[in-house]
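Readers should treat all values here as calculations from the given coordinates under stated rules, not as data from a laboratory. On a predicted model such as this, the values are computed, not experimentally measured, just so you know. No Cβ is skipped: glycine too gets one built from the backbone with ideal geometry, and neighbour counts run over all protein chains shown.
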Amino acid sequence: MNIVITGASKGIGNALVRRLSADSAHHIVAIARDAEKLDALAEECRRQNNDAHVYPIAFDLLTPGYSFSLIPGIVEAFDSIDVLVNNAGLLIKKDFATFSDEDFDALMNVNVKSVFKLTRALLPYFARPAHIVNIGSMGGIQGTSKFPGMSLYSAAKGAVAVLTEALAEELSDRKISVNCLAYGAVQTEMLAQAFPGYTAPLSSENIAEFVAWFVIHGHNYFNGKILPVSSSTP
């Protein structure tokens, strides 16, 4: 399969690229801001599998003009897309009263607007069928536990959840399924930032095993669904 993954330089995105690249049938475009980390990831995948197909693209999703600056690199790697994983995310943890307008814009631009912009830009290139997997959070699901300092992050992930449901309906005629995986506690840098001193029961590698299966097969079972992927929530 031809797969595009954002936020690939660290955490779950990094583990997912490594997991999927172990199968030589998959061709993976790995997107993140840090070119050095992406190159190291591609080299690690080749050490794991001599026939790994990983195409690193260093790109800041806050940059305008995806159609001119990002999409050409993706379509150079492959001309159709089977899976898009909108994994890139940003966390800013603050008391609500101290959030700035700039904080709001940054959180919404990375967590929500980039999902909109990349999905829209790639629409002409999706195969039929195809699968879009948006990465959400348990904090973005109505009725779940919420935590101090996480108001805007949770709001952004809530927007991703609703966008997922709407896109599943709107893109159904194109045979594109859209789902959202709402993560609970996974031991990543972001979790350590949000909950210092807390140790999650799952590592990035643990959850990547499930996510790798889901991005390939999940559209056969789900569409327009917000799926909690959580054995624990701090």
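Taking each residue as 0.36 nm, the span from ASP39 to PHE210 lengthens on full extension beyond its C-alpha to C-alpha distance by 59.1 nm. Sort out for me the Cα centre separation of the range 89-154 from the range 1-24, rounded to whole Å. The range 89-154 and the range 1-24 have Cα centres spaced 20 Å from each other.
Apply 1/(1 + (r/R0)^6) to the Cβ-Cβ distance of ARG46 and SER67, taking R0 = 22 Å, and write down the FRET efficiency to the nearest 0.05. Given R0 = 22 Å and the Cβ-Cβ separation, E is 0.15.
Take every Cα pair under 8 Å in the chain that's 6+ residues apart, average their separations, divide by the length, and report that relative contact order as a whole percent.
Working: 447 pairs, mean separation 46.2, N = 234.
Answer for the chain is 20 percent.
Computed about its Cα centre, the charge dipole of the chain is approximately 360 debye, with only Lys, Arg, Asp and Glu carrying charge at their Cβ.
List the relative contact order of the range 116-186 as a percent without decimals, with contacts defined as Cα pairs under 8 Å and 6+ residues apart. Provide the component values of the computation, followed by the final result.
Values: 87 pairs, mean separation 31.1, N = 71.
Computed value for the range 116-186: 44 percent relative contact order.
Excluding same-chain neighbours fewer than eight residues apart, the lysines reachable from LYS225 by a Cα-Cα span under 18 Å are LYS157, LYS175. Each stretch of four or more DSSP H residues adds -39500 (n - 2.57); spread over every residue of the chain, this sum gives -12000 deg cm²/dmol at 222 nm.
When THR164, THR63 are arranged by Cβ crowding within 10 Å, least crowded first, meaning fewest neighbours, the order is THR63, THR164. This structure gives semi-axes √(5λ) of the Cα gyration tensor in Å, computed directly, and of (1) 30, 22, 18; (2) 26, 20, 18; (3) 36, 22, 14 that value is listed as (2).
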